[in-house]
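First comes the structure, then the notes that go with it.
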């Protein structure tokens, strides 16, 4: 099921607004995938960016969530395809992985991220000793994640239109 695409309340507190905008952009990623076949989800439509498929984009977003909230914020080990130094854009390489599986993994990762967000102050800073980005506060990370997710939601919008003509804004 596609998560609801709701803007946060106009007069909500800062945390509610930040998470609300992030959740809306996450939901747009899901919405842009609704009804796509696995073949279309893995089909490249951008000649200069053959790995930028809808499936690859969903995988990338899952790993971006993991990186910022689990690795940068919490200081957990830098594990996952985005840290594979032998394969460029490893997080986009998802040939044969069903779109439904990728969306479930993304949804689960977002739920983990939301739990971590709830457990920390917006002023908490990252803990990973190997990444300069660990100097960022949770507030900064949330703003960055809104930007990152919205950017890729725009990519998903364009990819979807190129795949089958479907278009629309939340």
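The values are calculated or read from the model by the stated rules, or taken from the named source; none is laboratory data. Since this is a predicted model, take the numbers as computed values, not measurements. For neighbour counting, all protein chains shown are included, and Cβ atoms are generated from backbone atoms with ideal geometry for every residue, glycine included.
For the reader, a short list of remarks on this structure follows.
Here's the yes/no breakdown for (1) in contact with a strand residue (DSSP E or B) (Cβ under 9 Å, 6 or more places away or on another chain); (2) touching a residue at least 24 places away in the same chain (Cβ under 8 Å); (3) farther than 13 Å from residue 142 by Cβ; (4) surrounded by fewer than 20 Cβ atoms within 10 Å (Cβ to Cβ):
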residue	(1), (2), (3), (4)
22	no, yes, no, no
50	no, no, yes, yes
61	no, yes, yes, no
70	no, yes, yes, no
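So that you can scan it fast, the table gives a plain yes or no per residue for (1) surrounded by 13 or more Cβ atoms within 10 Å (Cβ to Cβ); (2) touching a strand residue (DSSP E or B) at 6+ places or on another chain (Cβ under 6 Å); (3) within 30 Å of residue 38 (Cβ to Cβ); (4) touching a residue at least 40 places away in the same chain (Cβ under 8 Å):
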residue	(1), (2), (3), (4)
95	no, no, yes, yes
103	yes, no, yes, yes
112	yes, no, yes, yes
120	yes, no, no, yes
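- Some residue of the range 97-113 being assigned to a loop (DSSP other than H, G, I, E, B) and in contact with a helix residue (DSSP H, G or I) (Cβ under 8 Å, 6 or more places away or on another chain): yes
- Flag for residue 156 being under 16 Å from the mean Cα position of the chain (by Cα), in a helix (DSSP H, G or I) and buried (at least 16 other Cβ atoms within 10 Å of the Cβ): yes
- Look at the range 130-144: where a residue is over 17 Å from residue 114 (Cβ atoms) and a partner is modelled with pLDDT of 95 or more and assigned to a helix (DSSP H, G or I), sitting 6+ places away or on another chain with Cβ atoms under 6 Å, you get 131/72; 133/72; 134/72.
- Matching entry among 165, 126, 80 (being surrounded by 15 or more Cβ atoms within 10 Å (Cβ to Cβ) and modelled with pLDDT under 95): 80
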